[in-house]
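Notes to accompany the following structure.
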Amino acid sequence: MLKNILFFSCLFISFFSKAQELKSPSEFLGYELGTRFTRHHQVVEYYNYLAKTAYDRVQLIEYGKTNEYRPLLLAYISSAGNMQDLEKIRQSHIANTDGTGDPSKAIVWLSYNVHGNESVSTEASMLTIFDLLTIKSDYLENTVVIMDPCINPDGRDRYVNWYNQHKNTPFEVDPNSKEHHEGWWSGRSNHYMFDLNRDWAWLTQKESQQRLPYYQKWLPHIHVDFHEQSVDSPYYFAPASEPFHEVITDFQRAFQVTIGKNHAKYFDANGWFYFTKERFDLFYPSYGDTYPMYSGAIGMTYEQGGSGRAGLGVITENGDTLTLKDRIAHHYTTGISTVEVAAKNIAALNSEIRKFYAPKNYKYNSFVLSGNDDQLRKLTSLMKEHQLAFSYTNATTLKGFNYTTGKTGSFKTKEGSILVSTKQKKGTLVKVLFEPNAVLSDSLTYDITAWSLPYAYGLEAIATKVIIDGNTSNTVAEVNNTDLNKNAYGYLTDWNGMDDARFLAELLQKNIKVRTAQEKFTLHGQNYEPGTLIITKGDNEQIVDLGSTLENLAKKHHKKLNSVETGFVDRGKDFGSDDVKMIAPPKIAVLTGEPTNTLRYGEIWHFFEQQLMYPMTALDTEYLSEVNLETYNVLILPDGDGYQSFLDSSMQEKINDWIDKGGKLIAMGSSLSGLADKDWISLKSKKMAKDSTFIQPEIYGDVAREEMKEEITGAIFKTKVDNTHPMAFGYNEMYFTLKLGNNAYHFLEEGSVAYIEDNSKPVAGFAGSLAQKKMKNTLVYGVQELGEGSIIYMIDNPLFRGFWENGKLFFANALFMVN
Ligand SMILES: [Zn+2]
């Protein structure tokens with residue numbers, strides 16, 4: 001009844017705003033919302049319809065397209081008067097974050113369905129926008145709501161199409177029915193099987209890259225990421241759980257409570273269950289709640305029970321029936337309640353976001369970084385996307401913390417080093433992404449506990465309290481090849497980063513033959529490192545204009561080429577030596593399907609297609625036994641659980657034979673559990689030592705914490721590298737690895753390439769005391785030669801979430817450099 005009264009009053013005051021003509025989602029779609037899943041194109045049609053019909057209060061933009069060409073949308077909603085001044089409102093809001101102006105509006109950003117199979121969110125978004133335009137339009141008088149109806153349309157349509165194909169008619173609530181069991185590739189991830197709710201900071205995916213500029217343009221006061229959790233859980237909303245990152249302000253904490261209490265009021269009135277302050281923490285910076293938090297917003301995750309399990313209706317473990325309509329009602333309620341709280345707290349939100357962006361005093365004022373050009377280029381482009389200001393320094397001596405040595409003292413920095421300071425508008429985000437080790441208030445967390453970018457990018461770095469004046473222009477000259485002799489005997493270029501790998505990948509695809517030096521050499525007075533690429537006229541007589549072709553490709557991949565007039569080196573091996581090897585173009589197969597993990601397979605898929613630009617064949621485990629492996633010379637086993645049974649004796653024999661004849665197997669993560677300790681495998685697993693001081697916990701409530709002694713939750717470890725091995729060409733003698741779990745293997749008798757020595761305390765992040773002991777003297781990367789071929793062991797995953805830039809060359813080495 002209340003609803004009707006509000007509806008009519010609304011009609012009266014906005015007679016000319018056509019609210020009375022607006023169709024609800026059910027009226028527009030032709031079925032009652034919650035009785036079917038709405039496919040993305042229909043969602044797009046409804047939003048288009050609203051933008052056309054309520055054009056004075058809705059502005060719709062397409063901010064990009066997904067990998068599968070689905071449109072990505074943002075709807076801006078406010079009162080007709082506000083919408084006429086939308087750009088002014090935005091400018092006034094941004095001015096406030098810069099410390100000027102007197103804004104009078106709140107900006108609320110609601111993001112739906114980042115996980116595709118958490119499929120209620122987009123349905124709820126349609127009801128939410130409709131009611132904001134009709135019965136709840138009062139909230140829009142001083143609020144701008146920005147709605148992203150679906151962050152991940154590829155994943156959501158994957159789920160919805162799958163569900164529509166498999167559902168019973170009418171839908172079946174028995175949880176055993178097929179419609180409640182998505183297959184191997186669920187709708188959660190995007191096209192490349194990436195989790196978009198782990199990608200806000202790293203921006204490896206198209207959806208994130210296209211969305212972020214709009215987020216930066218607005219820097220909302222509040223950001224909500226709508227999710228679903230397991231089908232038997234009730235509803236979760238803010239306040240979040242510990243650990244909180246230390247940069248989160250008292251106001252951000254307190255306002256989460258304010259919002260949570262408002263939601264609770266509505267949930268209590270309806271007799272609905274919910275929980276707060278548990279499970280969902282605020283630490284890892286790449287989520288849809290933390291990234292907004294570190295950008296000054298009240299960032300929140302809301303979790304309905306359901307996800308890909310729930311379908312249109314399902315019986316939960318309590319014996320209740322959970323329907324899609326219930327799920328819509330809950331997400332609708334928290335969405336509207338969030339806007340309500342914002343509309344009632346305009347002054348506080350505006351004064352607090354201004355404070356958030358005011359200059360702060362953090363432990364370190366400056367980070368000074370130098371190193372490999374490829375990594376620096378990649379890092380500066382990431383900083384630009386996050387609108388982090390940086391400059392360049394002169395060579396100097398600085399007191400501070402040295403990331404490589406782990407020591408504090410005085411260090412010399414190089415001319416043209418990159419300087420990024422916390423004394424800037426986005427200083428908080430700088431601190432979070434660059435500081436050596438984030439303070440962890442509680443080891444029980446949902447995700448990895450270390451991500452420091454200097455380690456991820458393998459850079460020399462100093463963190464210092466000193467405030468440094470940098471130069472805005474880079475004094476280091478851009479790469480150019482204007483001096484290249486187009487008719488030289490050969491061309492040489494270094495090998496130490498992903499630009500080099502992309503350059504090589506393109507050369508091989510253009511049928512240009514490339515050799516690589518296995519040892520150091522000197523030519524024309526210049527030193528060259530192992531891994532140097534050697535492209536000679538003699539190897540490539542079939543290529544017309546080799547010099548010009550190389551010059552163009554070098555420009556594209558930021559490569560410096562040296563032309564040489566002889567293959568007779570001053571020191572080392574001549575180009576005709578057996579130790580200068582021809583690189584065989586790899587013909588690559590990657591295992592997919594059960595038992596591989598979709599996320600881990602997706603990282604490899606994305607690496608080949610979007611990072612290396614080199615073709616691969618996906619071989620499904622369902623028919624692998626039928627495939628003649630001799631078509632390929634590289635086979636990659638992605639991480640996954642269940643390899644012990646997949647790699648049965650006949651599969652092992654097949655793979656062993658193929659390696660014997662020259663195949664190269666790259667086995668990653670848990671795929672090693674199916675290989676280690678077999679008699680043809682030199683990799684031996686290491687067990688967790690029982691701690692003599694370990695006492696079984698007496699207090700039942702302490703069990704989770706005791707178990708943490710054996711865990712590693714994404715921590716960074718220092719490793720020793722044998723960079724004379726082709727698997728480590730282009731690396732220094734030290735490498736920082738991101739370790740995701742406690743699986744450990746002993747050194748190989750031969751071919752240990754990267755490994756943890758006696759000091760197994762992580763440089764950043766959490767590792768329990770027993771896990772640290774277990775990591776002593778264990779392998780990270782190794783190569784076993786077997787017959788004509790080899791097996792490459794990758795215990796840690798250098799492609800994890802696509803952000804550990806400095807590990808990617810190990811993967812490229814495995815493809816191109818190892819025999
Ligand atoms: Zn989710």
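Taking GluC sites (Glu not before Pro) across the range 708-815, the ones in a DSSP loop with at most 15 further Cβ atoms lying within 10 angstrom of their Cβ are E733, E749, E750, E757, E788. List the lysines whose Cα sits under 16 Å from the Cα of K425, skipping any in the same chain fewer than 8 residues away. Cα-Cα hits under 16 Å: K217, K355, K360, K384. A 1.4 Å probe run over the protein chains yields, for the chain, 40 Å² of accessible area per residue, whole-number rounding.
Summary value for the range 384-525: 24 percent relative contact order, contacts being C-alpha pairs under 8 angstrom separated by 6+ residues. Oblate is the label for the range 23-73. Its Cα gyration tensor axes, ordered a ≥ b ≥ c, give a/c of at least 1.5 and b/c at or above a/b. From the Cα gyration tensor of the range 184-343, with a ≥ b ≥ c the square roots of its eigenvalues, which class applies: rounded if a/c is under 1.5, or else prolate if a/b is larger than b/c, or else oblate? The shape class here is oblate.
Quick one: work out the % antiparallel among DSSP beta bridges in the chain, nearest 5.
Beta bridges within the chain, antiparallel portion: roughly 65 percent.
Computed over neighbours whose Cβ is under 14 Å from that of P798, the net charge equals 0, Lys and Arg +1, Asp and Glu -1.
When averaged across all projection directions, what area in nm² does the alpha-carbon convex hull of the chain cover?
Across all orientations, the chain yields a mean hull projection of 37.6 nm².
If you take all other residues with their beta carbon under 15 Å from the beta carbon of T100, and give Lys and Arg +1 and Asp and Glu -1, the sum is +3. Each DSSP beta bridge with both residues in the range 199-335 is either parallel or antiparallel, and the antiparallel ones are about 25%.
Taking θ as phi - 60° and the Karplus parameters 6.51, -1.76 and 1.60, the scalar couplings of the range 227-241 work out to 10, 9, 10, 5, 5, 8, 7, x, 10, 10, 9, 4, x, 6, 9 Hz in sequence order, x denoting glycine and proline. Please report the carbon-and-sulfur percent of the accessible area for the range 218-291; probe 1.4 Å, protein heavy atoms only, DNA, RNA and ligands left out. Roughly 54 percent, rounded to a whole number.
Residues in the range 488-497 carry Karplus couplings, in order, of 7, 5, x, 10, 10, 8, 7, 9, 7, x Hz; the curve used is 6.51 cos²θ - 1.76 cosθ + 1.60 with θ = phi - 60°, and Gly or Pro positions show x. Principal axis extents of the Cα atoms in the range 273-370, from largest to smallest and rounded to whole angstrom, are 56, 40, 21. Taking every C-alpha pair closer than 8 Å and separated by at least 6 residues, the mean separation divided by the residue count of the range 292-335 gives a relative contact order of 30 percent.
Taking a Cβ cut-off of under 14 Å around D232, the surrounding Lys, Arg, Asp and Glu residues balance to a net charge of -2, with basic ones at +1 and acidic ones at -1. Past 32 Å, Cα to Cα, is the threshold; run K573/K761; K654/K808; K537/K587; K178/K664; K556/K664; K206/K412 against it and keep the listed order. Over 32 Å apart, Cα to Cα: K573/K761; K178/K664; K206/K412.
If you take the C-alpha gyration tensor of the range 118-212, multiply each eigenvalue by 5 and take the square root, what semi-axes do you get, largest first, in whole Å?
Details: eigenvalues 166, 103, 14 Å².
In descending order the semi-axes read 29, 23, 8 Å.
For the chain, the dipole from Cβ point charges (+1 on Lys and Arg, -1 on Asp and Glu) about the Cα centre works out to 2220 debye, to the nearest 20. When the chain is described by a simple charge dipole with +1 on each Lys and Arg Cβ and -1 on each Asp and Glu Cβ, the residue from Y266, L779, L349 located farthest towards its positive end is L349.
Highest-first packing order for the peptide set 151-161, 487-497 is 151-161, 487-497, based on the mean count of other beta carbon atoms within 10 Å. Annotation: amide H-H contacts under 5 Å for D447 (H modelled 1.01 Å from N, sequence separation of 5 or more, or interchain): none. For the range 602-689, the relative contact order comes to 28 percent (Cα pairs under 8 Å, sequence separation of at least 6). In this structure, the amide hydrogen of V247, modeled 1.01 Å from its nitrogen in the peptide plane, lies closer than 5 angstrom to no residue at least 5 positions away or on a different chain.
The values are calculated or read from the model by the stated rules, or taken from the named source; none is laboratory data. Just so it is clear, the structure is predicted and the values come from calculations on it, not from any experiment. Cβ: placed from backbone, ideal geometry, glycine included. Neighbour counts: every protein chain shown. Keep in mind that these areas ignore ligands, DNA and RNA; they rest on the heavy atoms of the full protein, side chains included. Shrake-Rupley method; radii C 1.70, N 1.55, O 1.52, S 1.80 Å.
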